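Engineer: Dumping the structure here so I can ask a few things about it.
The values are calculated or read from the model by the stated rules, or taken from the named source; none is laboratory data. Source: prediction; values computed, not measured. FYI the Cβ positions are ideal-geometry reconstructions off the backbone, even for glycines, and counts take in every protein chain you see.
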Amino acid sequence: MTRKLLRGEIPITSWMGVTLTTHRVWQVIQQGQSTAMISIPLDALQWTKLGRSHLPYLLWLALLVALLGVVALEHDRTVTYWLFGVVLLLLLLYGTSRRLVLSLGAGSGEILVQVSGESASVESALDFIQQVELQRFTSTTTAPERPAAISSSAWVSPDPNQGV
C-alpha cells in the first residue's frame, strides 16, 4: 500500500513499521489478504507508552515442575528427567513470550507495535518516541495562535502591559 503524502508533509523517521511525518504518525498492518492503515494526526496524539509484556506464570509453573522433579528424584529418575525437560520448555516459552510494546494513541484510535525477542532495542524505541514528542511539540508551538471563540470580526491580542 503506497501512502500519498499531504501537501507539505515530509517523512521524518520510521521504526518497526510505524512512520512519523511532519503531520501525522501512521502504521500499515497486513494480516493475510487484508491490509489496514491507522493514521493519527500529531496534534490529536494523546499518549505514548513503552513497556515490556511477558507471561510470568510460566516461570512459576517452571518452578513448581522443578520442585516436583526434585521430589521425584528419589523415586524414579526417568520421570525426573522428563520433568526437567518440561522445565526447560517452560523457560523457553517464557523467553519467547517477552515483547517490547509501543503504543501511540488518540481517543479510541491506537497504533500498537509488539516486537518479540531482542530484534528491537529499548534505546531505538525511546529514540523514536523522542522524535514523535519533539515533532508533536514543535508542530503545536509553530502553529499560529487562534482564539477559540470570539464575538467580533477582529481579534486583538491582549496587551501584556495591562494586568490581565
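Engineer: Quick test of your reading of the structure: Thr2 fulfils all but one of (1) modelled with pLDDT under 85; (2) part of a strand (DSSP E or B). Name the failing condition by number.
Structural biologist: Failed condition: (2).
Engineer: While we're here: Is there a residue being at pLDDT below 85, surrounded by 14 or more Cβ atoms within 10 Å (Cβ to Cβ), outside any helix (DSSP H, G or I) and not assigned by TED's automatic domain parsing to the domain that holds Thr22 anywhere in the stretch 134-148?
Structural biologist: No, the stretch 134-148 has no match at all.
Engineer: Still on this structure, I have one more. Can you name the residue in the stretch 58-80 that is in contact (Cβ under 8 Å) with a residue 12 or more places away in the chain and of a type outside the set (Gly, Ala, Ser) and, of all such residues, is surrounded by the fewest Cβ atoms within 10 Å (Cβ to Cβ)?
Structural biologist: Result: Leu59.
Engineer: Is one or more of the residues making up the stretch 103-110 assigned by TED's automatic domain parsing to the domain that holds Ile38, assigned to a loop (DSSP other than H, G, I, E, B) and either in contact with a Phe, Trp or Tyr (Cβ under 9 Å, 6 or more places away or on another chain) or not β-branched (Val, Ile, Thr) (or both)?
Structural biologist: Within the stretch 103-110, one or more residues are assigned by TED's automatic domain parsing to the domain that holds Ile38, assigned to a loop (DSSP other than H, G, I, E, B) and either in contact with a Phe, Trp or Tyr (Cβ under 9 Å, 6 or more places away or on another chain) or not β-branched (Val, Ile, Thr) (or both).
Engineer: A further question follows. Checking Tyr81 against (1) modelled with pLDDT under 85; (2) in a helix (DSSP H, G or I), which single condition isn't satisfied?
Structural biologist: (1)
Engineer: Turning to a different aspect of this structure: Select, from Ser116, Ser97, Ser34, the only residue that is surrounded by fewer than 12 Cβ atoms within 10 Å (Cβ to Cβ) and over 18 Å from Arg136 (Cα atoms).
Structural biologist: Criteria check complete, one pass: Ser34.
Engineer: Among the residues in the stretch 40-47, are any surrounded by 13 or more Cβ atoms within 10 Å (Cβ to Cβ) and either of a type in the set (Gly, Ala, Ser) or part of a loop (DSSP other than H, G, I, E, B) (or both)?
Structural biologist: Yes, that holds for at least one residue.
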